[in-house]
Every structure is written in structure tokens, then in C-alpha cells.
1. Take the conditions farther than 30 Å from Thr214 by Cα and surrounded by 15 or more Cβ atoms within 10 Å (Cβ to Cβ) and apply them to Phe35. Does it pass?
2. Kindly list, by first and then second residue, each pair from a residue in region 100-114 that is farther than 15 Å from Asp75 by Cα to a residue that is open to solvent by less than 30 Å² (accessible area, probe 1.4 Å) and hydrophobic (A, V, I, L, M, F, W, C), limited to pairs with Cβ atoms under 6 Å and residues at least 6 apart or on different chains.
3. Taking region 3-25 as the search range and keeping residues that are open to solvent by 60 Å² or more (accessible area, probe 1.4 Å) and touching a residue at least 24 places away in the same chain (Cβ under 8 Å), which one is farthest from the chain's Cα centre (by Cα)?
4. Does region 72-93 hold any residues that are among the β-branched types (Val, Ile, Thr) and either open to solvent by 60 Å² or more (accessible area, probe 1.4 Å) or assigned to a helix (DSSP H, G or I) (or both), and which are they?
5. Restricting to region 109-122, give me the number of residues that are surrounded by 14 or more Cβ atoms within 10 Å (Cβ to Cβ) and modelled with pLDDT under 95.
6. Please list, ordered by residue number, the helices (runs of 4 or more DSSP H) wholly in region 1-71 having 1 or more residues that are within 19 Å of Ala126 (Cα to Cα).
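The values are calculated or read from the model by the stated rules, or taken from the named source; none is laboratory data. Bear in mind the structure is a predicted one, so any value in this text is a computation, not a measurement. Note that each Cβ is placed from the backbone with ideal geometry, even for glycine, and that neighbours are counted across all protein chains shown. Just the protein is used for accessible areas: all its heavy atoms, side chains included, with ligands, DNA and RNA removed. Shrake-Rupley method; radii C 1.70, N 1.55, O 1.52, S 1.80 Å.
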Amino acid sequence: MNLVDARLRGWYSGGEAKEYLSREVGSPIEQETVFVAAIRPKGVRLFLHIPPNTKDKRGQILDEGLWDLVTERTDQGTPARHHLSKLINDQTPLEGITGAFIKRDRDKQSPRELNPFVWQGKAVGAWPLSCTLAFKKEDLDLLAKKLKIETPTPAPEAAEKSDKPLGTRERETLLTIIAALLRKSKIDTSNPTRAAKTIVTEVELFGGKMHWQTVDDKLKQVKELIKWLETQEIK
């Protein structure tokens, strides 16, 4: 736990970044959203705070402080992306994860490979447990501006058409299609909230914006429809 205020420390942890963005945007922002933004092309910069006496894979002590975390789509960026994928989607397996790479302009030996976090003989993280993901305020401010962008207001005719409520038959048809796609994608809907966060992650990866609670509500409707369909006699 970081006991020093983020503003004095000069960087924000993932949880602090979530709270800061939520205040700036004026609506709840999930921590997963911050991580997704960090691994997207031209996303916010992502750092790793290295505590004192941390050694790299070669056994050399690293300087304390912030280091750039390598997250590019390269061999060196793969371990960090693997770790972040687990933070974004808890269902991501960690088999085969290796130590992440970090770099600093003033470090002549950059990039440096970290030791993975090992638990019960298995690597379960791309960096030691003592290291902390970090964001800088200027990057969070840029992300907040992107998140504040509003959807363009539709023309009066389009708005009138889009405001019409779905009929029962049309609603059931759409929910049935969603149910089929979820089954095809092997997304477990027994826990709608977890499934909703998985879907929102995928939406954000291609640039969309949607709150997980909205998806959670629809998934609960899908679950109810499936139960109803299963009780009907197949003719």
C-alpha cells in the first residue's frame, strides 16, 4: 500500500488512476479501462515503480523509481501484455508467463528483464510482487479528455426513430441472438457481472465505450429468456 499522496509521489497506482479518472470524467471508471488504454496503440504510458534493492534477472540491482514498462507487440512486450490481460480479464490463463522488460533512457543496460513473481513453484506474474504499476497525471488527463468525448447528437428524425421502444418480439429476437453469440464465444454467463466486464473489455479494445452495468443488465435479461425458452415444449 502506498501511504504517500499520489500528487506528492508524482505517480498514480491503478486504483488511484481509476479514482482520479472517475472524478475528472464525472462518472464511474473501471480500473480495467485504464489498463486497456495502456496497451492500446498510442495509449497512455505505463510505468512500473521499482522499490529499493530489486534485482533484474541477471542479479543486478535496479535503480529505485519509475521505469517504462515495455508493452509493445514484440517479444519483449509480450510478458507485460500477458500480465495486463489477466488484470483486465480474470479468466486469462497465466501458463507460460515470463518476466517483463523495463527500460530507462539513462540506463545503459536497458531494457532490463525482471524476475517473474513465483507462487508455489509457478510463475503467476510478470514482475515481482513488490513492484507497482504506475501512471503519470499528464497521461491520465489526456485519457480523461478522450473519455469525456460525447456521442454526436442524432438528427431529430433519427432521434425520434431511435427512441421508439422495442416490441416484445424484436426484443426477444435480439436477446436470443446475443445468447447464441455468447455461447459461441464460450463466455460463461452464470456470473453476469463477470461476463459483463469481459465483454466491456472487448468493446474497449476496438474503441467502443460502454459501462459494465449496462451490459450486466442485458445479460440478466438474456439469462431470464434462456430459462423461459428451456421450459417451452419443442414442437
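1. Values: farther than 30 Å from Thr214 by Cα: no; surrounded by 15 or more Cβ atoms within 10 Å (Cβ to Cβ): yes.
No, not satisfied.
2. Arg104/Trp67
3. First, pick out the residues of region 3-25 that are open to solvent by 60 Å² or more (accessible area, probe 1.4 Å): 3-5, 7-8, 18-19, 23-24.
Now narrow it down to the ones that are touching a residue at least 24 places away in the same chain (Cβ under 8 Å): 7, 24.
Values: Arg7: 23, Glu24: 19 Å.
Among those that are open to solvent by 60 Å² or more (accessible area, probe 1.4 Å) and touching a residue at least 24 places away in the same chain (Cβ under 8 Å), it is Arg7.
4. Within region 72-93, the first condition is being among the β-branched types (Val, Ile, Thr), and the residues that meet it are 74, 78, 88, 92.
Scanning region 72-93 gives Thr74, Thr78, Ile88.
5. Here is the first cut: in region 109-122, the ones surrounded by 14 or more Cβ atoms within 10 Å (Cβ to Cβ) are 110-117.
Keeping just the survivors that are modelled with pLDDT under 95 gives 110.
Residues that pass the stated criteria total 1.
6. Details: elements: 6-9, 14-25, 31-39.
Passing ranges, in order: 14-25, 31-39.
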